[in-house]
1. Can you list the strands (runs of 3 or more DSSP E) lying wholly within segment 232-316 that have 1 or more residues being aliphatic (A, V, I, L, M) and on the phi < 0 side of the Ramachandran plot?
2. On the basis of being assigned by TED's automatic domain parsing to the domain that holds Arg590, touching a Cys at 6+ places or on another chain (Cβ under 9 Å), within 13 Å of Glu520 (Cβ to Cβ) and among the β-branched types (Val, Ile, Thr), does Ile477 make the cut?
3. Which residue out of Thr383, Thr373 is of a type in the set (S, T, N, Q), closer than 29 Å to Val443 by Cβ and modelled with pLDDT under 85?
4. Which numbered condition in (1) out of contact with any helix residue (DSSP H, G or I) (no Cβ under 9 Å at 6 or more places or on another chain); (2) surrounded by 15 or more Cβ atoms within 10 Å (Cβ to Cβ) is the only one that Asp105 fails?
5. Are any residues in segment 229-244 at pLDDT 85 or above and surrounded by fewer than 18 Cβ atoms within 10 Å (Cβ to Cβ), and if so, which ones?
6. Limited to segment 543-585, what total is found for residues that are in contact with a Phe, Trp or Tyr (Cβ under 8 Å, 6 or more places away or on another chain), closer than 25 Å to Arg527 by Cα and touching a residue at least 24 places away in the same chain (Cβ under 8 Å)?
7. When both residues are 6+ apart or on different chains and their Cβ atoms are under 6 Å apart, which pairs have a first residue that lies in segment 313-341 and is without any contact (Cβ under 8 Å) to a residue 60 or more places away in the chain, and a second that is of a type in the set (Lys, Arg)?
8. Mind listing just one residue for me: the one in segment 249-259 that is buried (at least 21 other Cβ atoms within 10 Å of the Cβ) and in contact (Cβ under 8 Å) with a residue 60 or more places away in the chain and, of those, nearest to Gly306 (Cα to Cα)?
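The values are calculated or read from the model by the stated rules, or taken from the named source; none is laboratory data. What you see is a predicted model, and the numbers here were worked out from it, not measured in a lab. Counting neighbours? That spans all protein chains shown, and the Cβs are built from the backbone with ideal geometry, glycine included.
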Amino acid sequence: MGLEGKMIKQKINWIALVFLGIILFSVVNVNALGETVGTQDVTVCCEKTNSGLYCQDVPEEDCSDGSEFALPTSCASTTPCNPGYCYDSVEGTCLDNVPQMICTDEGGTWSAEKPGACNLGCCILGDQASFATLVRCKRLSNFYSLETNWNSGIANEVMCILAARSDEKGACVFEHEFETTCKLTTRSECTADVGAGSVVGDTTEEIDDDEGGDEGEEVLESPEGCQEVNTDGSVKFCPGMLCSAEELETNCGPSRETSCLAGREEVYFVDTCGNPANIYDGGKINNDEYWSYIKDKSESCSPDQGNANSQSCGNCNYLLGSYCSVVNSETASPTYGESICKDLNCPASEETGGEKRLHGESWCGFDSEKDFTFQETSQDASTDVLNEALSNLNAGGSAPLEFFDEREVPVGSKFYRYLCSHGEVLVEPCADFRNEECIENNVAGYSEAACRVNRWQTCTSIYKKADCENTDRVDCIWLAGIEYVILGGVFGEEGGSTIDKSSLGNVKAELKKFKSGDREMGSCVPRNPPGLQFWGAEDENGEVQNDEATAFCAQANAVCPVTYEKGLIGGDWECIENCECLETMVHLKRAQLCMSLGDCGPKMNIAGQLGRGKGYKIFEEDL
């Protein structure tokens, strides 16, 4: 029989049992659980009996206490128990003689007349078949990852199963150029004209299939199990047999060659005629039975293992991490042939981050060391970096400004997505100028990564922390403190490089927004700073002119008015107002803010080189 019986859900089996109970009552008037109904007894249509059956004609005392009805009539004439067709639109199954009540309770569609959806046809599933509805055929085909092949013209299950046998594989034996040769093929392809254009080897001579054959032509004797394809016996199909079988007496024999087949994952032996044989097993190179009959994958060597790089077993398993591949310099050499089960996984290397990666696994990469697990950049982390820089200065060293950005995003860098595919690492760069970033997720040791848009464009125009940290809309972080406030846009045309009373007036107007709540003390900057077109034409002084990049970085410029005083008689000037602006830490924080905007400030490029200029400057002017 086909697969249909195995695939029917449990609830349908239960319905079928009820149907069986109805038949038994109608024939022998005795149910399977001992409820006897005499021909003269008064019966009622019971919704549920004491034994758990539904829609039964039984004496009233046999009805369950939980039964919703016990009608003094036959169940066949009641609406809830009226038998008809029950169709499951999800599974595509259709049963008849099912009570209406049971069908609807189980989520089916009931109808008194047979609906068109219940029409059966032949569903071909590889080398098997099922006599089923069209929807059921689609369901089964999807389950086995096959294309739907349903034929409504085949009228019964027997013809359906026979139709599936057309794809049965075996040895097609025929005469060609006075030799008995063979081709491993399907029953449907083994025809009387098998020798015309599709024979093993380079010959194209046709075989005469006239009844009785040519004069002097030898008629092939049929080995046990073989069937004649044409009337003269010159072509025979031997199901389940290989062309190298000795009893077929063909010119095809065992060899030591192997090959990969299209659409198959295993390594196969190849006979002397070029036909594929069974899965490569070095221990059965001289086994007559292994070269005579088609063996299933489960009957071949190590069926429960992937056999990656095995020298003696070609029973590759894609799901266990191997597939057939031609031997190359990176793979092991098999004992026989030139094909092997190649490992689908990628060995540990610099590209894999020093660890073995599974086939299909993806991960993120960058032009410098970077942690790709999602982490909120905190104010404490920024403070730690600044304190380290200040400590270096106090010790007589230099502040490592080029490393202030704890996210380490050098000029010219970009994100990459790495993918392990069939034992090789593929590299997929994300968009240039870091307009895309790579995100990575690791579940139970299996990593998945993707390039996604870097939503940094509106960060510097956000003035409140809650809006800045709304990860559903933007990819920004908040740096709290007056030292990080962005006011560069209110200073003249060069964004803070000039100092005049007009600019200071603009600053005072902007500062009022903090008191009104329109702004919060701090700044919103990109989580992953974008790249900028830092190149441009040189002016007469040899300076690169790039108005767009200059204006973008100038947002971090700032002016801090410091007031000094000294006595009338003399002495040194002493700071009396905004003296914190003279502290080194304030300067370092400003440089950090500049670097956080993008390719601004004292940054390195991906080659580890600093820019031609310092990247920032601190100057004083008298007002």
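1. Strands (runs of 3 or more DSSP E) meeting the threshold: 235-239, 267-270, 276-279.
2. For Ile477, the condition - assigned by TED's automatic domain parsing to the domain that holds Arg590, touching a Cys at 6+ places or on another chain (Cβ under 9 Å), within 13 Å of Glu520 (Cβ to Cβ) and among the β-branched types (Val, Ile, Thr) - is not met.
3. Exactly one residue qualifies, and that residue is Thr373.
4. (2)
5. Once the filter is applied, which keeps residues that are at pLDDT 85 or above and surrounded by fewer than 18 Cβ atoms within 10 Å (Cβ to Cβ), segment 229-244 yields Pro239, Gly240.
6. So the count comes out to 2.
7. If the second residue must be of a type in the set (Lys, Arg), the pairs left are Thr331/Lys342.
8. Thr258
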